[in-house]
Amino acid sequence: MRPSIQILPSTAVGRAGTRVGPLTGVRVLDFGRYIAGPYCAALLAEFGADVIRIEKRGGSEDRFVSPLGEGLEGAVFTQMNRNKRSITLDPMSEAGRGVVRRLLCSADVVVANLPGPTLTAMGLDQTSLSALRPDIILASTSAYGDIGPLRDQVGFDGIGQVMSGAVHLTGTPDQPYRTPVAWVDFGTALHSAFGVVLALLERERSGRGQTVATSLLGTALAFMAPTLIEQAVTNSDRQAIGNKSHGSAPTDLYRTRDGWILTQVIGQPLFRRWAELMGEPSWLEDPQFASDKSRAENSGPITERMSRWCAERTEAEALAILGAARIPAGPVLRPQQVLDHPQVQAMGLMADTRALGAPRPAPAFRAPLQLSETPGTIQSGPPRVGQHTDAVLEELGYSACEIADLRAAGAI
């Protein structure tokens with residue numbers, strides 16, 4: 001069973017019922033969309049920050065990606081926007097600009113994965129922000145960074161994947177594959193959240209705000225750095241080789257009698273255990289299998305032996321034997337099998353939310369890290385469109401009449 005979201009006792013909570021965490025007292029304005037910006041803000045919220053998501057009156061487009069039912073919000077929004085409050089706002093209208101200025105004066109951090117010209121038009125560039133509050137921190141994410149010939153171009157996760165060399169090495173030489181997992185977006189969000197915390201620490205010392213600038217391409221290049229370093233030095237010109245590894249063997253996906261498993265045998269101690277398990281002790285003295293590199297380059301016999309061994313066993317049998325031999329191996333799971341797997345359940349990373357009106361509870365996944373004294377928590381699911389507009393504006397000093405006027409003018 002997944003743990004349900006619970007509000008902790010009042011002795012352990014701070015403003016607006018949120019648990020006191022390392023970022024309690026930090027207010028974040030989330031102008032982000034999709035993953036890179038919103039997930040950065042979600043990580044900050046999980047550890048105590050008061051995150052206010054600002055979106056269009058009808059709900060921004062990222063609310064409805066992978067919908068959880070007819071007319072319902074989507075899976076992407078559920079994961080990226082837990083623990084947040086929502087206000088609707090037209091920041092380009094005259095009245096809306098006034099609300100933005102008052103919000104900014106109350107904020108510590110602004111998160112925005114928007115093009116530079118859009119940031120400037122909305123008054124969210126560092127120059128405009130600093131004029132209102134010199135110690136404010138801007139976490140800005142772009143596709144390509146703020147210099148170079150592509151700096152003004154827009155892009156999604158896949159741009160980083162294809163331009164980093166990762167897609168070229170995925171699949172086969174005749175058919176490269178982009179992974180459906182948005183690892184560039186998520187990696188950029190992690191870098192952004194790390195940068196925000198560093199900027200907050202620096203502000204404690206100097207009182208200065210600053211810009212935390214990240215880019216999708218920059219993240220993808222950082223993750224691909226070992227391969228790119230190898231290319232620069234050795235001119236290796238790696239090509240796609242399916243699920244095999246360029247640097248070790250047997251590292252591949254293997255079919256069992258009833259499924260697929262992955263093994264990763266890296267380093268001499270592991271290879272020794274594997275060769276003994278396979279009944280091939282002579283391979284330990286064979287020069288073509290003397291190192292990870294040579295085993296990868298001469299992987300044909302290794303792959304054939306492992307394939308034959310797996311084909312004779314069920315998935316459970318193969319994993320049990322490999323596990324007993326301390327050889328890294330895991331099953332290729334379908335999404336439902338992931339949700340049901342006892343190890344996944346035991347890790348306690350899923351918290352059920354019911355905020356979206358979905359026919360069944362929608363799990364949100366906690367940040368996969370634990371602080372022993374101040375752990376992060378998921379206390380609420382993603383907010384409804386504009387659910388907290390009135391409450392936030394009241395905190396900023398707007399009266400009920402002023403809020404009604406803003407709503408009538410289409411500013412909120």
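Values in this text are rule-based calculations from the coordinates and carry no lab data. This is a predicted model, so every value here is computed, not measured. With ideal geometry, Cβ positions are generated from the backbone for all residues, glycine too; neighbour counts draw on all protein chains shown.
What's the FRET efficiency of residue 93 with residue 131 using the Cβ-Cβ distance as r and R₀ = 25 Å, to the nearest 0.05? Walk me through the intermediate numbers first.
Values: r = 20 Å, r/R0 = 0.81.
Working from the Cβ atoms, E equals 0.80.
Using a 10 Å cut-off around each Cβ, can you sort 122, 347 from fewest to most neighbouring Cβ atoms?
Values: 122 18, 347 12.
Sorted ascending by nearby Cβ count, the order is 347, 122.
Can you list the lysines whose alpha carbon sits under 18 Å from that of residue 56, skipping same-chain ones fewer than 8 residues off?
Those lysines meeting the cut-off are 84.
Determine the calculated [θ] at 222 nm for the chain from helices alone, applying -39500 (n - 2.57) to every DSSP H run no shorter than 4 residues and normalising by the residue count; nearest 500 deg cm²/dmol. Please list the in-between numbers first.
Details: 17 runs with 158 residues, N = 412.
Only helices count here, giving -11000 deg cm²/dmol.
Going by Cα centres, region 294-322 and region 340-412 are how many Å apart?
The distance from the Cα centre of region 294-322 to that of region 340-412 comes to 46 Å.
Could you grab the relative contact order for the chain? Cα pairs under 8 Å, six or more apart, rounded to a whole percent.
Averaging sequence separation for qualifying contacts and normalising by length gives 21 percent for the chain.
Modelling each spin label as a point 7 Å along the Cα-to-Cβ direction, I'd like the residue 266/residue 316 distance in nm, to one decimal.
3.0 nm
Using the count of nearby Cβ atoms within 10 Å as a rough guide to exposure, how do 219, 303, 127 rank from fewest to most?
Ascending number of Cβ neighbours within 10 Å: 127, 303, 219.
Could you give the distance between the Cα centres of region 257-289 and region 215-232, to the whole Å?
Rounded to whole Å, the Cα centres lie 30 Å apart.
So for the chain: antiparallel DSSP bridges make up what percent, rounded to the nearest 5? Before the final figure, lay out each step's value.
Numbers: 16 of 37 bridges.
Bridges in the chain that DSSP calls antiparallel: roughly 45 percent.
Can you put 312, 202 in order, fewest other beta carbons within 10 Å first?
Numbers: 312 10, 202 14.
Going from least to most buried by this count: 312, 202.
First measure r as the distance between the Cβ atoms of residue 390 and residue 204, then evaluate 1/(1 + (r/R0)^6) with R0 = 35 Å and state the FRET efficiency to the nearest 0.05.
Values: r = 33 Å, r/R0 = 0.94.
Once the sixth-power term is evaluated, E becomes 0.60.
Please work out the Cα center distance from region 132-189 to region 65-119, rounded to the nearest Å.
21 Å
Give the long-range amide H neighbours of residue 139: residues separated by 5 or more places, or on another chain, with amide H under 5 Å away, using H modelled in the peptide plane at 1.01 Å from N.
Amide H neighbours of residue 139: 110, 111, 112, 212.
Using amide H atoms built in the peptide plane, which far-off residues or other-chain residues are under 5 Å from residue 73 H to H?
Here 68 satisfy the definition.
List the residues whose amide H sits under 5 Å from the amide H of residue 215, counting only those 5 or more places along or on another chain, with H placed 1.01 Å from N in the peptide plane.
Amide H neighbours of residue 215: 142.
Could you go through region 281-287 in sequence order and give the Karplus-derived ³J(HN,Hα) for each residue, using 6.51 cos²θ - 1.76 cosθ + 1.60 with θ = phi - 60°, rounded to whole Hz, and x for Gly and Pro?
Along region 281-287, the couplings run x, 5, 5, 5, 9, 7, x Hz.
What are the ³J(HN,Hα) couplings of region 228-241, residue after residue, when phi is run through the Karplus curve with 6.51, -1.76, 1.60 and θ = phi - 60°? Round to Hz, x for glycine and proline.
Residue by residue, region 228-241 yields 5, 5, 4, 4, 4, 8, 10, 6, 5, 6, 4, 10, 5, 9 Hz.
Using +1 at the C-beta of Lys and Arg and -1 at the C-beta of Asp and Glu, which of 260, 43, 239 has the Cα lying farthest in the positive direction of the dipole of the chain?
43
Please compute the contact order of region 342-383 in relative form: average sequence separation of alpha-carbon pairs under 8 Å and at least six residues apart, divided by the residue count, as a percent. List each step's numbers first, then the result.
Values: 39 pairs, mean separation 15.7, N = 42.
In percent, rounded to a whole number, it is 37.
For residue 402 paired with residue 344, estimate the spin-label separation in nm (one decimal), with each label point 7 Å from Cα along the Cα-to-Cβ line.
Going by the 7 Å Cα→Cβ label model, 4.8 nm.
Suppose a student asked you for the relative contact order of region 22-181, using Cα pairs under 8 Å spaced at least 6 residues apart; what percent would you report? The partial results should precede the final answer.
On the way: 257 pairs, mean separation 31.3, N = 160.
Once normalised by length, the contact order is 20 percent.
Please compute the modelled spin-label separation between residue 156 and residue 222, points set 7 Å along Cα→Cβ, answer in nm with one decimal.
Computed distance between label sites residue 222 and residue 156 equals 2.3 nm.
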